[in-house]
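Asks: Would you mind keeping the following structure in view while I ask a few things?
The values are calculated or read from the model by the stated rules, or taken from the named source; none is laboratory data. Given the structure is predicted, the values throughout are model-derived calculations rather than measurements. Counting neighbours? That spans all protein chains shown, and the Cβs are built from the backbone with ideal geometry, glycine included. Remember, those area values only see protein heavy atoms, side chains included, never the ligands or the DNA or RNA. Shrake-Rupley method; radii C 1.70, N 1.55, O 1.52, S 1.80 Å.
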Amino acid sequence: MRIGELSRRTGTPRRLLRYYEEQGLLLPSRCRNGYRAYDEHAVDRVMQIRGLLDAGLPTRIIKQVLPCLDKPRTIHFPRPEPEMIATLRDERDRMTERIRSLTRNRDAISEYLDAVLRAGATGTTAPEPSTRPAPEAEPS
DNA sequence: TTTCTCACA
DNA sequence: TGTGAGAA
């Protein structure tokens, strides 16, 4: 398929698909006219890239780990360099920390929402923001 | 419709 | 990390 179809099927702007290629995340073949040609597998791959970016991984890390995540039970690097193991551990821990942070912020929002809705129902006022734990910034 | 590149937030 | 514009 060409870039337009992949864009439509993944909900990813064409511009961004070219950007991912430039970053080494996608390697489409080329038609005679120079148009990019993507196989069926590219759809899943793009979704996975989006997910990892959303999880906070930079493209250069994604490029490294993407083959490992394809089918986690397959060993892609029989002799994994210690550096790769370290990278994977590092990113896993970063994600864990991010999940913790997201959970905390979600709970803070949820708690406030409950209080506001309760107040709306009873006609009383919502609690002062300062009585609740401060929202926490996600790690950068 | 697609390509590319340069500049920019 | 991503976007906009212009030209082919």
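Asks: Condition first: at pLDDT below 80, surrounded by 13 or more Cβ atoms within 10 Å (Cβ to Cβ) and touching a helix residue (DSSP H, G or I) at 6+ places or on another chain (Cβ under 7 Å). Now tell me which residues in the stretch A:70-117 satisfy that.
Replies: Matches in the stretch A:70-117: A:HIS76 only.
Asks: Taking the options A:LEU17, A:LEU6, name whichever one is part of a helix (DSSP H, G or I), open to solvent by less than 30 Å² (accessible area, probe 1.4 Å) and within 12 Å of DNA strand C (Cβ to nearest atom).
Replies: Of A:LEU17, A:LEU6, the one residue that is part of a helix (DSSP H, G or I), open to solvent by less than 30 Å² (accessible area, probe 1.4 Å) and within 12 Å of DNA strand C (Cβ to nearest atom) is A:LEU17.
Asks: With over 18 Å from the mean Cα position of the chain (by Cα) and under 29 Å from A:THR87 (Cβ atoms) as the only criterion, which of A:PRO67, A:PRO13, A:PRO58, A:PRO28 stands out?
Replies: That would be A:PRO28, the only listed residue that is over 18 Å from the mean Cα position of the chain (by Cα) and under 29 Å from A:THR87 (Cβ atoms).
So that you can scan it fast, the table gives a plain yes or no per residue for (1) within 16 Å of DNA strand B (Cβ to nearest atom); (2) within 29 Å of A:LEU102 (Cα to Cα):
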{"position": "A:GLY24", "(1), (2)": "yes, no"}
{"position": "A:PRO28", "(1), (2)": "yes, no"}
{"position": "A:ALA37", "(1), (2)": "yes, no"}
{"position": "A:VAL46", "(1), (2)": "yes, yes"}
{"position": "A:LEU53", "(1), (2)": "yes, yes"}
{"position": "A:THR59", "(1), (2)": "yes, yes"}
{"position": "A:LEU69", "(1), (2)": "no, yes"}
{"position": "A:ARG79", "(1), (2)": "no, no"}
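Asks: Would you check which residues across the stretch A:49-72 are of a type in the set (D, E, K, R) and either in a loop (DSSP other than H, G, I, E, B) or more than 14 Å from DNA strand C (Cβ to nearest atom) (or both) and list them?
Replies: Within the stretch A:49-72, A:ASP70, A:LYS71 meet the criteria.
Asks: Can you tell me how many residues in the stretch A:20-48 are more than 8 Å from DNA strand C (Cβ to nearest atom), surrounded by 11 or more Cβ atoms within 10 Å (Cβ to Cβ) and assigned to a helix (DSSP H, G or I)?
Replies: Count: 8.
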